[in-house]
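S.K.: For reference, the structure I am asking about is given below.
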Amino acid sequence: YAVALIVPSGASADASLIDRSIATANLRLPEYARVCRWTWAPAKFTAEEGLVTGNGRLRRDAIVGRYGWLIDSMYRDAESARREASA
């Protein structure tokens, strides 16, 4: 399943707004592409940090290199919740 690191575009974004936005987007996506878990990115993705190109495209390898631990934790947390639910 898909997970997402969220970088809000404005200071007014909150978790409930993100949840609603993801739920709305998920309605238009096939099941395999729906975002099941998300978390805030620790910092904005910038070209200076090497996380986006000069024209703003994501550099996925660089993002995974920097935040792979955070992405992995979303999968680990989901696995733990599944095990607890089946126990």
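The values are calculated or read from the model by the stated rules, or taken from the named source; none is laboratory data. Since we're looking at a predicted model, the values are computed, not measured. Glycine also receives a Cβ, built like all others from the backbone with ideal geometry; neighbour counts cover every protein chain displayed. When the accessible area is computed, the model is the full protein with side chains, heavy atoms only, and any ligands, DNA or RNA have been set aside. Shrake-Rupley method; radii C 1.70, N 1.55, O 1.52, S 1.80 Å.
S.K.: Ala13 to Asn55: extension gain in nm, 0.36 nm per residue of separation minus the Cα-Cα distance? Numbers along the way, then the final one.
M.R.: Numbers: separation 42, 0.36 × 42 = 15.12 nm, distance 2.37 nm.
Length difference between fully extended and current span is 12.8 nm.
S.K.: Over the chain, what percent of the accessible surface lies on carbon and sulfur atoms, probe 1.4 Å? Provide the component values of the computation, followed by the final result.
M.R.: On the way: 3340 of 6310 Å².
Roughly 53 percent of what the probe reaches on the chain is carbon or sulfur.
S.K.: Taking every eigenvalue of the Cα gyration tensor of the chain, multiplying by 5 and rooting it, what semi-axes result, largest first, whole Å? Intermediate values should be presented prior to the final figure.
M.R.: Working: eigenvalues 119, 58, 33 Å².
In descending order the semi-axes read 24, 17, 13 Å.
S.K.: Quote the charge dipole size of the chain about the Cα centre in Debye, to the nearest 20; the model charges only the Cβ of Lys and Arg (+1) and of Asp and Glu (-1).
M.R.: 200
S.K.: Separate question: Calculate, for the range 24-76, the solvent-accessible area per residue in square angstrom, rolling a 1.4 angstrom probe over the heavy atoms of the protein chains. Intermediate values should be presented prior to the final figure.
M.R.: Working: 3950 Å² over 53 residues.
Each residue of the range 24-76 exposes 75 Å² on average to a 1.4 Å probe.
S.K.: Set the Förster distance to 25 Å, then compute FRET efficiency between Ile71 and Ala23 from the Cβ-Cβ distance, nearest 0.05.
M.R.: That gives a FRET efficiency of 0.75.
S.K.: Restricting attention to the range 1-43, which trypsin sites (Lys or Arg not before Pro) occupy a DSSP loop and are surrounded by at most 14 other Cβ atoms within 10 Å?
M.R.: Listed in order of number, the matching sites are Arg28.
S.K.: Under 8 Å for C-alpha pairs, at least 6 residues apart: give me the relative contact order for the chain, rounded to a whole percent. Working shown, then result.
M.R.: Working: 62 pairs, mean separation 27.6, N = 87.
Value for the chain: 32 percent.
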